[in-house]
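Asker: Encoded as structure tokens, here's the structure I'll be asking about.
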């Protein structure tokens with residue numbers, strides 16, 4: 001009987017370790033998924049500011065294009081977040 005209890009305890013410990021590793025892996029995956037869009041948004045915003053400084057009369061068009069670029073880039077971070085949620089379950 002004690003051997004059976006020991007086996008059950010080992011199985012529970014293995015399941016807990018697997019769940020912990022899955023959570024760590026999911027967090028790591030989201031961290032990596034957020035790096036690219038963060039760099040991309042910074043690049044888009046920087047280039048838009050540079051373009052507005054060079055041609056102030058085109059600021060409206062540049063701003064609109066910048067917001068579209070930011071939205072598409074941010075979609076990558078949201079996809080990474082969805083994958084993070086799916087891996088965490």
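The values are calculated or read from the model by the stated rules, or taken from the named source; none is laboratory data. Keep in mind the model is a prediction, meaning the values are calculated, not measured. Note that each Cβ is placed from the backbone with ideal geometry, even for glycine, and that neighbours are counted across all protein chains shown.
Asker: Run residue 48 past the list (1) under 18 Å from the mean Cα position of the chain (by Cα); (2) in contact (Cβ under 8 Å) with a residue 12 or more places away in the chain and report the number of the one that doesn't hold.
Answerer: All conditions pass for residue 48, except number (1).
Asker: Still on this structure, I have one more. Of 25, 31, which residue is within 24 Å of residue 86 (Cβ to Cβ) and either in contact (Cβ under 8 Å) with a residue 12 or more places away in the chain or touching a strand residue (DSSP E or B) at 6+ places or on another chain (Cβ under 7 Å) (or both)? Write out each step before concluding.
Answerer: Numbers: 31 fails: either in contact (Cβ under 8 Å) with a residue 12 or more places away in the chain or touching a strand residue (DSSP E or B) at 6+ places or on another chain (Cβ under 7 Å) (or both).
Step by step, each of 25, 31 is checked, and only 25 is within 24 Å of residue 86 (Cβ to Cβ) and either in contact (Cβ under 8 Å) with a residue 12 or more places away in the chain or touching a strand residue (DSSP E or B) at 6+ places or on another chain (Cβ under 7 Å) (or both).
Asker: Assess whether residue 57 counts as being loosely packed, with under 15 Cβ neighbours inside 10 Å, in a helix (DSSP H, G or I), at pLDDT 80 or above and over 23 Å from the mean Cα position of the chain (by Cα).
Answerer: Judged against the criteria, residue 57 is a match.
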